[in-house]
Amino acid sequence: MKVRDILRVKGGTLFTVPPSAALGSAVLTMSDHDIGSLIVMEGNKLAGILTFREVMQALAKHHGSLSGLEVRSVMNAKPLTCNMETEMDEVRRMMLVEHARYLPVIDQKMLMGVISFYDVAHAVVEAQDFENSMLKAYIRDWPEDTTKATN
């Protein structure tokens, strides 16, 4: 499975913010859309990523206040990225090693989307469920659901 497979299922909705945006406004956008990250764009170029990790660090550093802060002052200006052809095993390794929950997907210098740790976990579970159903179909007389307890 590749990154393009996840983006095809996930869809193309992408939320962005300029580096000059007020951090408080960016946090409201993240909250309103129930998302954990915003892609920071300068023109049509990826400038960084803002996640709740950076927001929490800013809150701690500034004693609970985001007043007067711009996104550029707290964003990750060098986010880990992947491309449409990156294999899922590589994405999982990258996310685990670098403690990254969100990866912008870049294809030929163009931002294609963002995949999250949740997206990756969901894709893995779906693939395993499909494989299990195929194996059960292959084995004759396999019980349909062995996880239900009878009382």
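The values are calculated or read from the model by the stated rules, or taken from the named source; none is laboratory data. As the structure is a prediction and not an experimental result, all values here were calculated from the model. In this analysis, Cβ positions are derived from the backbone assuming ideal geometry, glycine residues included, and neighbour counts consider all displayed protein chains. Note: areas computed on protein heavy atoms with side chains; ligands, DNA, RNA excluded. Shrake-Rupley method; radii C 1.70, N 1.55, O 1.52, S 1.80 Å.
Which whole-angstrom value gives the distance between the alpha carbon centres of segment 109-142 and segment 28-57?
Rounded to whole Å, the Cα centres lie 27 Å apart.
Tell me, what is the percent relative contact order of segment 1-86, built from C-alpha pairs under 8 Å that lie six or more residues apart?
Relative contact order for segment 1-86 comes out at 36 percent.
Would you mind checking which residues have amide H under 5 Å from E70's amide H? H placed 1.01 Å from N; only 5 or more apart, or other chain.
L23
When the accessible area of segment 3-151 is computed with all protein chains present and a 1.4 Å probe, what percentage of it is carbon and sulfur? Don't skip to the end; give the middle numbers.
On the way: 5360 of 10110 Å².
Carbon and sulfur: 53 percent of the exposed surface of segment 3-151.
Okay, helix-only estimate at 222 nm for the chain: each DSSP H run of n ≥ 4 adds -39500 (n - 2.57), divide by all residues, round to 500 deg cm²/dmol; what do you get?
Computed ellipticity for the chain at 222 nm equals -12500 deg cm²/dmol.
What FRET efficiency comes out for N76 versus M1 if R0 is 35 angstrom and r is the Cβ-Cβ distance? Round to the nearest 0.05.
With a Förster radius of 35 Å, E is 0.85.
Give the relative contact order (percent, whole number) for segment 86-135; include only Cα pairs under 8 Å separated by 6+ residues.
Relative CO of segment 86-135 lands at 24 percent.
Starting from the Cα of F15, step 7 Å along the direction of its Cβ; do the same at H122; then give the gap between the two resulting points in nm.
So the two model labels end up 1.5 nm from each other.
With the other protein chains left in place, how much accessible area per residue, in square angstrom, belongs to segment 1-93 at a 1.4 angstrom probe?
That works out to 59 Å² per residue.
What is the dipole size for the chain, taken about its Cα centre, with +1 at each Lys and Arg Cβ and -1 at each Asp and Glu Cβ, in debye to the nearest 20?
With Lys and Arg at +1 and Asp and Glu at -1, about 420 debye.
Write down the Kirkwood hydrodynamic radius of segment 2-87, to one decimal in angstroms, obtained as one divided by the mean of 1/r over all alpha carbon pairs.
Result for segment 2-87, one decimal place: 13.7 Å.
Please report the antiparallel percentage of DSSP beta bridges with both residues in the chain, rounded to the nearest 5.
Roughly 85 percent of the DSSP beta bridges within the chain come out antiparallel.
Work from the charge dipole of segment 12-151 (Cβ charges, +1 for Lys and Arg, -1 for Asp and Glu, about the Cα centre) and give the residue of L69, V40, F117 farthest towards its positive end.
Farthest along the dipole direction, towards plus: L69.
Apply 1/(1 + (r/R0)^6) to the Cβ-Cβ distance of E90 and H33, taking R0 = 25 Å, and write down the FRET efficiency to the nearest 0.05.
0.35
Quick one: work out the % antiparallel among DSSP beta bridges in segment 1-62, nearest 5.
75
Quick one: if the Förster radius is 25 Å, what FRET efficiency do D107 and E42 give, using the C-beta to C-beta distance and rounding to 0.05?
On the way: r = 19 Å, r/R0 = 0.75.
Efficiency, from the Cβ-Cβ distance: 0.85.
Taking only pairs that are 8 or more places apart or on different chains, how many Lys pairs in segment 1-125 have Cα atoms under 21 angstrom apart?
7
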